[in-house]
Amino acid sequence: MTLPALLAIGAYADWDVPDMQEGFDLLQIASASALAGVDVARRQGIKAVAYKGHNPFGATEMDLLPSLEIIANYGVGYDAIDVEAATKRGVRVTNTPDVLNDDVADLAVAMLLSFTRNMAFNAAWQARGDWAEKGDPPLARKFSGARAGIMGLGRIGREIADRLAAFKMEIHYHSRSKKNTPAGWVWHETPEGLAAACDYMVVALVGGKATENYVSRDVIAAMGADAVIANISRGTTIDEDALLEALEAGHIRGAALDVFRVEPQFDPRFLALKNVYLQPHQGSATVETRKGMGALQRANIRAHLAGKRLLTPVN
Ligand code: 8YV
């Protein structure tokens, strides 16, 4: 029996590979840009793509794979994949929601706490022996009890809000419509309204064209001079130039960012700033969660090839 051909695109962990070889004729390439270099006969047989990465996977790539039936994305955000082009070609797309909610929410809280309690600065102070030499470092700022704002109360946004509520924070949020929330959470109809109402604003929007620059120059201008913004969604959701200008001018207190408009070569202007806490897009990057994401990605491919219902379909 010939095994179905699976093309894995991106860098996978060692534990993913044996499972992708199980029942599949596996071909691995580092990124979608290497696709054109794959032997034509090999390409023509590919039925399933396991996609990992943030480079675009669009009509051009799909047309190089005439037998393609499914693109299973490794990640909840599928903005790299042209879903419309896939649907047009009858190609199914899946993603990996929910399995990463906890990790991404944990990181949002950790980044805000690390920023506001000067954790990186103080760790360096400690490591250099400055405590004994110079005394106590400068005072930090309090987190518990402040006003939190969640931009996008989806599944990840809700996990973040639940955590911040445990920090005795007042919870404000903006989403297209009011959500079913615990009593006292305040919905804001506009992103500017949310920005003006909170001290710590976390962006938890989905990526893609519809949310490009959703946190616009006006939204950033509506934030108070003492406010901090965090982003664990996609770099595209914030007007990055406007954010950099606000940070450089001290118009807001700071930013804690896990995602950037360009990755991994992010804007070097961020490195010159003291009022930022930067992470290398690591929201879902724990062993446990990455194992869960890989398992869900493959479960979708297997379900499709067995003619069963997809677990987490996008289209
Ligand atoms: C990435 C993510 O998928 O789930 C998402 O949307 O951004 C991440 O989990 C991960 O970095 C692998 O590319």
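The values are calculated or read from the model by the stated rules, or taken from the named source; none is laboratory data. As the structure is a computational prediction, the values presented were derived from the model and not from experiment. Neighbour counts are summed over all protein chains in view; Cβ atoms, including those assigned to glycine, are modelled from backbone coordinates with ideal geometry. Only protein heavy atoms, including side chains, enter the accessible area calculation; ligands, DNA and RNA are left aside. Shrake-Rupley method; radii C 1.70, N 1.55, O 1.52, S 1.80 Å.
Accessible surface comparison of Phe115, Phe270, probe 1.4 Å, protein chains only, largest first: the order is Phe115, Phe270. Under 5 Å between amide hydrogens, built in the peptide plane, is the criterion, and for Ala8 it picks out Leu27, Gln28, Ile29, Ala50 among residues at least 5 positions away or on other chains.
In a fully extended conformation the segment linking Ala41 and Phe167 would gain 39.6 nm over its present Cα-Cα distance, using 0.36 nm per residue. Over the chain, the alpha carbon radius of gyration divided by the compact-protein estimate 2.2 N^0.38 Å works out to 1.11.
Subtracting the Cα-Cα distance of Asp98 and Ser216 from 0.36 nm times their residue separation leaves 39.7 nm of extension gain.
Helix-only arithmetic for the chain: the sum of -39500 (n - 2.57) across DSSP H runs with n ≥ 4, divided by the residue total, places the mean residue ellipticity at 222 nm at -9500 deg cm²/dmol. Among the listed pairs Lys47/Lys209; Lys47/Lys308; Lys142/Lys168; Lys179/Lys291, those whose Cα-Cα separation exceeds 20 Å are Lys47/Lys209; Lys179/Lys291. Each peptide in 129-137, 95-103 gets a packing score, the mean of other Cβ atoms within 10 Å over its residues, and the list from highest to lowest is 95-103, 129-137. Inter-label distance, Glu263 to Thr190: 3.1 nm, where each label sits 7 Å from its Cα along the C-beta direction. Using the Cβ-Cβ distance between Arg309 and Ala11 with R0 set to 22 Å, the FRET efficiency from 1/(1 + (r/R0)^6) comes to roughly 0.15. Each of the peptides 143-149, 304-310 was scored by the mean count of other Cβ atoms within 10 Å over its residues; in descending order, highest first, they stand as 143-149, 304-310.
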